[in-house]
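S.K.: Please find one structure pasted underneath; my questions will follow.
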Amino acid sequence: MSTNEPRDQSEHKRRALQLDAFIGFLGFFAFLSVIQAVINVLQPEPKVWPALLALLLVLATVSLWRARRDRSPRTGA
């Protein structure tokens, strides 16, 4: 058994839950930043940084979510 493999099923499950929690937090802040970016666009003099922050957080959330989905075992036929 190599050092990169989890020792048992519970450690693998714990790491998966940690990743899910991180994706959840990141998704929550991405959602809030998108709302802030939309509100910012409606202002008389909008700034660029809220849109850039929203873009960065959404891209990070989607990329982690896709990486998690690709690594998870498939069920079914």
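The values are calculated or read from the model by the stated rules, or taken from the named source; none is laboratory data. Bear in mind that the values here come from a model prediction, so they are computed numbers and not experimental data. FYI the Cβ positions are ideal-geometry reconstructions off the backbone, even for glycines, and counts take in every protein chain you see.
S.K.: If you go through region 27-44, how many residues are over 12 Å from residue 54 (Cβ atoms) and among the aliphatic types (A, V, I, L, M)?
M.R.: So the count comes out to 1.
S.K.: Identify the residue in region 36-62 that is free of Cβ contacts under 8 Å to residues at least 12 places away in the same chain and surrounded by 12 or more Cβ atoms within 10 Å (Cβ to Cβ) and, among all such residues, is nearest to the chain's Cα centre (by Cα).
M.R.: Restricting to residues being free of Cβ contacts under 8 Å to residues at least 12 places away in the same chain and surrounded by 12 or more Cβ atoms within 10 Å (Cβ to Cβ), the top hit is 62.
S.K.: Six or more apart or on different chains, Cβ under 8 Å: which pairs go from a residue in region 13-26 that's of a type in the set (A, V, I, L, M) to one that's modelled with pLDDT of 90 or more and assigned to a helix (DSSP H, G or I)? Could you list them?
M.R.: Note: pairs meeting the criteria are 19/64; 23/61; 23/64; 23/65; 26/57; 26/60; 26/61; 26/64.
Residue-by-condition table, conditions (1) closer than 24 Å to residue 16 by Cα; (2) outside any loop (DSSP other than H, G, I, E, B); (3) in contact with a strand residue (DSSP E or B) (Cβ under 6 Å, 6 or more places away or on another chain):
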position	(1), (2), (3)
33	no, yes, no
37	no, yes, no
45	no, no, no
54	no, yes, no
59	yes, yes, no
68	yes, yes, no
